[in-house]
């Protein structure tokens, strides 16, 4: 019998910070392909998961030898060479997830600080805050937590991570629902790649590819599936696990579609990359959600880091069994305690610190939330979610090469490989493009852009704030009459219909004017979005 918590464990494993990017991904794909893509990914993920579930035991599904972990199964069916490549992908994803968690935590801290600032001083206040300091502080906290062995097995931390993940998911849904209710209209488009109408066609393609990677990352959980199955202990585990997986993935997909649709309907083409960091109203909902994200990622970081620590420390200890640096244990008793003893080796102290510093440095250099998620999804989806489970199942079921079943599995694997390649290309292109204009340790780097309203030819045009630049190509295309280059002042409501009815202090004002849309780009701040 499946325990009631089994499907909850799968949902917790699937649902993570990647869910915050689902509305943005929906915006890139549109109203038709967005929900359809989520459903297709769910079906493929479920089918591949059932293949992996049947590989829990070698041979007989009731009495065969157990594979306790994903790596055990790969070694049993595919050999040590495939196990090596599996480990390489797994540890790369774990390391990348640590980078992503650092970026997301800093972004959530900044969002809370800005939300409080806007609440106290008004939306027109200058509430820009650097995320650099918070990344460094987060890294320092993780250095301390990394010195505790087997932290991922502490029940309190696991429970905290599960509760807070549910908390910020429900908060994100509440925020988008409240925003949709305030708008009194459904926004969005049926077309593909419409998240920013004025960006180039190539960048639209990259965003669509990146959205596929974000969705793939949201469905990545195969690495822990066999560990969850190992807790059942009542043969045949595969039949029970199929039912659990079906209900868990079904519920998760329903929630993804609900959040994605409400987020896209509420924000339309202006949906932020991280749905909790792009809008600060209602303030209390945003703050609760981001605080839950912060708590969740402080604990979840070590869940992903500890397997890397353990694997390398065991390998180094076996390779250098007589070296004190790797094998000699030191005991430290903190002051004012009688029973607490902290045991550590010098290798743990040094190597774990280096790994945390490395991931923190990467987060500081490339603090791009959506691009990192897309790249992680690309790396993990095909090799770990599709290819290896398919290969293991074909060995387990003794499927002959060239038969219809073999051809069907190969076709599915090839299609998923194409999706992975597209997601990797799109995410990499996005990172490269952002690095061209990014400034290291820039306080705006991890924040969502604010919006102003620009009137050209007596029509409202959405404008994304970008400090010190102006899109001359847009101006040349869209404006045949006199236009103004705006400085940022106090934002005004998009729904206002007449500039003349508002106080002068509430309106953006021109620093200079250009005829036929020409400008030098130095004094302007508006870039069409």
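Restricting attention to the range 289-322, the residues that are more than 23 Å from residue 356 (Cβ to Cβ) and either surrounded by fewer than 19 Cβ atoms within 10 Å (Cβ to Cβ) or out of contact with any helix residue (DSSP H, G or I) (no Cβ under 8 Å at 6 or more places or on another chain) (or both) add up to 3. Exactly one residue out of 429, 438, 397 is modelled with pLDDT under 90 and surrounded by 17 or more Cβ atoms within 10 Å (Cβ to Cβ): that is 429.
Of the listed requirements (1) modelled with pLDDT under 90; (2) surrounded by fewer than 20 Cβ atoms within 10 Å (Cβ to Cβ), residue 446 misses just one: (2). In summary, helices (runs of 4 or more DSSP H) completely within the range 180-296 and bearing 1 or more residues that are over 30 Å from residue 419 (Cα atoms) occur at 237-267. Take the range 15-31 and flag every residue that is under 16 Å from residue 254 (Cα atoms) and part of a helix (DSSP H, G or I). The answer is 18, 19, 20, 21, 22, 23, 25, 26, 31. Contact map, the range 124-135: first residue more than 18 Å from residue 105 (Cα to Cα), second residue assigned to a loop (DSSP other than H, G, I, E, B), Cβ cut-off under 7 Å, separation 6 or more or different chains; pairs are 124/490; 124/491.
Being in a helix (DSSP H, G or I) and at pLDDT below 80 holds for only one residue in 111, 161, and it is 161. Would a scan of the range 366-376 turn up a residue that is in a helix (DSSP H, G or I), crowded, with 16+ Cβ neighbours inside 10 Å and more than 17 Å from the chain's Cα centre (by Cα)? No, the range 366-376 contains no residue that is in a helix (DSSP H, G or I), crowded, with 16+ Cβ neighbours inside 10 Å and more than 17 Å from the chain's Cα centre (by Cα). Taking first residues from the range 182-207 that are in the same structural domain as residue 282 (by TED's automatic domain parsing) and within 23 Å of residue 433 (Cβ to Cβ) and partners that are at pLDDT 85 or above and surrounded by fewer than 16 Cβ atoms within 10 Å (Cβ to Cβ), the Cβ contacts under 9 Å between residues at least 6 apart in sequence or on separate chains come to 191/32; 192/32.
The values are calculated or read from the model by the stated rules, or taken from the named source; none is laboratory data. All figures in this text were calculated on a predicted structure; none of them were measured in a lab. FYI the Cβ positions are ideal-geometry reconstructions off the backbone, even for glycines, and counts take in every protein chain you see.
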